[in-house]
1. Given charges of +1 on the Cβ of Lys and Arg and -1 on the Cβ of Asp and Glu, with all other atoms neutral, how large is the dipole of the protein assembly as shown about its Cα centre, in debye to the nearest 20?
2. Listed highest first by mean packing, meaning other Cβ atoms within 10 Å per residue, what order do B:101-114, B:153-166 come in?
3. Where nothing but the Cβ of Lys and Arg (+1) and of Asp and Glu (-1) is charged, how large is the charge dipole of chain A around its Cα centre, in debye to the nearest 20?
4. Viscosity 1.002 mPa s, temperature 20 °C: Stokes-Einstein D of the protein assembly as shown from its Kirkwood Cα radius, in µm² per second?
5. With 10 angstrom as the radius, rank B:97, A:39 by how many other C-beta atoms surround their C-beta, starting from the fewest.
6. Exposure proxy check: B:222, B:83, B:216 ranked by fewest other beta carbons within 10 Å?
7. Equivalent ellipsoid semi-axes for chain A, as square roots of 5 times the alpha carbon gyration tensor eigenvalues: give them largest first, rounded to whole Å.
8. Averaged across B:59-71, how many Cβ atoms of other chains sit within 10 Å of each residue's Cβ atom?
Amino acid sequence: MSTQLVLLAVLMAAVTYPSRALPLLAPGIERLPPRALLYLRLVGPAVLASLAAANSLVVKAADGTPALHVGIEVVGVVACAALVAWRRNLFLGLVAAVAIVAVARLTGIA
Amino acid sequence: MSGPVPHEAGSGPNLRAARRQLLLDTAGIAVSAVGFGFVFGLAARNAGYSVVEAGAMSVIGFAGAAQFAAVGYVSAGLPWAPIVVLTLFLNARHLLYSASLAPSLRSVPFLQRAAMAHVLTDEAFALAATHFRRLGRVDVPGYWIGAVVGVFIPWNLATLAGVLLGGVIPDPSRFGLDVVFPAAMAGLALGLSTERREVTAAGAGAAIGVVLSLLIGPAVGIVAGGLLGPLVAMALPLGSGDGGGPAVSPDSDVTGVPVDLAEAMADVAGLGDRASS
């Protein structure tokens, strides 16, 4: 059984823990410049959207090069996003995305 | 949850009633944590994680959105250094929660505060802040109930279930399970986007991510989208629909349950002011 990624988990924890702990353990340290705080606030949506878009729109072609692919997965992702925007319920969105893709594949549409 | 925090400790419902309500709130969060922990376990298994690796991510890392993101990074073949840097940025918002709770928890022993920090997620903060507000004072056992019973334990047990049960599903893509990861990322991005600048950062991040993934490769494209998207959004002039302040999202990174974190932070700050006065 592989344990290689355990080290990655430790490294991820090593960079996550300070932001959770420093203000609790050393009050005052969190006073970053407003521009830095704004940047940090915006990184989350940008990283996650970048992952979502690249993961659903870019595939590896037969020759190994990246290629644009617009398939049923995109419909599922857009449906999930729409449900999150409408109902503020990510779990519902995920269920809908999986259902759309599964039905499309099982019925041969995709 | 609205209005000012009561100005005298104990002026709200008594401790037992407040904890009963906390348990009810915690149950709702726990159900969501189970669902998302299970989905993370499935996604991790599809990305090639072993049970030990997925478990380590949930126990040691314990940061839902960053864990989901790491699944994508590992799948894309990203080297570890950029994964760690992106995790740092993605989780930096916890600084604000910690800073918000710090004045109220000053009297708690150092080692206990150090342990409390490890389980300080969006949900744990929201539950604690709501509970403290309801009670009118800080309740350390209440913090542990929300953080550990509501999030940590369900998240970790469900991760194990997902990664173990995922093995009995012969072809996950046949059942549409391969869409879980990008859909979760899109939903979480939207949950974090409550103002025009955040939406712009997400849109720019997605566009940059796709274009550079096609031109150079996903490993570069994803990182560039995450780091350059915010710069595009920051270049925009501040509009009426954007407060521009350091407020955090009203959504969570682990369970997707809407929680008004900005208001909760303001409430806890009020408690802290009283505690220090």
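Computed from the coordinates by the stated procedures, all read-outs in this text should not be read as laboratory data. Because the structure is a prediction, the values reported are computed rather than measured. Cβ placement follows ideal geometry from the backbone for every residue including glycine, while neighbour counts extend to all protein chains displayed.
1. 460
2. Details: B:101-114: 16.9, B:153-166: 20.2.
Averaged packing, sorted descending, gives the order B:153-166, B:101-114.
3. About 340 debye.
4. Translational D for this selection: 102 µm²/s.
5. Values: B:97 27, A:39 20.
Ordered by Cβ neighbours within 10 Å, fewest first: A:39, B:97.
6. Numbers: B:222 32, B:83 24, B:216 12.
Ordered from fewest to most neighbouring Cβ atoms within 10 Å, B:222, B:83, B:216 come out as B:216, B:83, B:222.
7. Ellipsoid semi-axes (Å, largest first): 36, 20, 16.
8. Per residue, the average neighbour count from other chains is 5.
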